[in-house]
Each structure stands twice: as structure tokens, then as C-alpha cells.
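The block underneath contains the structure these notes are about, expressed in C-alpha cells.
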Amino acid sequence: MAFLYGTRARIRVTFTDPTSGAAVDPAVVKLTVRLPSGARTEYQYGSSAVVREAVGRYAFELLLDFLGSVAYRWDSMAEGQEAAEESSFSVVVSAT
């Protein structure tokens with residue numbers, strides 16, 4: 001997946017109960033973002049720009065003022081609710 005330089009990427013995750021498949025709100029939701037420079041930043045729901053959109057669904061908007069590959073990982077860290085999801089995307093310049 002690729003996004004254009006100068007735009008914003010909305011990074012989303014949905015946490016579900018592994019048994020029922022129903023959406024759940026973990027006690028702790030953390031997002032780690034690694035920028036092309038190698039710098040890593042952690043964001044946590046409740047103390048940063050991570051927002052809850054619905055039960056179990058969280059999002060973060062990242063300003064793309066750099067070029068290259070971005071990797072990210074969502075974690076929930078509560079006993080019985082451990083989960084993780086990783087992905088990445090590229091930031092590119094427009095062809096026009």
C-alpha cells in the first residue's frame with residue numbers, strides 16, 4: 001500500500017475476542033510506529049492521539065511529511081487480551 005507525501009494516513013485496528021469473534025476494548029492499546037529514519041515512537045490510547053472509533057476499533061492519523069517505508073504494530077496488553085497486528089506502507093511522491 002502507498003500513500004502520497006504530504007497527506008495523512010489513518011492507521012486502524014480492530015481487537016476481537018479470540019473465542020467469540022466479538023469486538024472488545026482491551027485494557028491497554030498501544031501503537032508503535034517506525035519511520036523511514038529508523039525512529040520509533042509509541043502511542044497509547046488515553047494519553048496520545050490514538051482514538052477509539054467504536055467497540056474494539058482504534059485509529060491514529062499520521063502526517064506523511066517524509067518519504068519511504070513506515071512500519072507499525074498495534075498491541076493490546078492485558079491478561080487474557082494479548083493481541084498484536086503489524087503492517088507497513090510506503091510514502092511516495094505524486095506522479096504529476
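Every number here is computed from the coordinates shown, using simple stated rules; none is lab data. These numbers come from a predicted model, not from an experiment. Ideal geometry is used to build each Cβ from the backbone, glycine not excepted, and the neighbour counts take in all protein chains shown.
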With +1 at each Lys and Arg Cβ and -1 at each Asp and Glu Cβ, the charge dipole magnitude of the chain around its Cα centre, to the nearest 20 debye, comes out at 320 debye
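I need the calculated FRET efficiency for the pair Arg40 and Ala95, taking r as the beta carbon distance and R₀ as 22 Å, to the nearest 0.05. The partial results should precede the final answer.
Working: r = 30 Å, r/R0 = 1.38.
Working from the Cβ atoms, E equals 0.15.
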What's the extension gain from Arg52 to Arg10 if we count 0.36 nm per residue and subtract their Cα-Cα distance? 13.9 nm
Using a basic spin-label model with each label point 7 Å from the Cα along Cα→Cβ, how many nm lie between Ser88 and Ala23? 2.9 nm
Expressed to one decimal in nm², the mean projection of the alpha carbon convex hull of the range 1-93 is 6.0 nm²
How far apart, in nm, are two points set 7 Å out from the Cα along the Cα-to-Cβ line at Thr32 and at Ala71? 1.0 nm
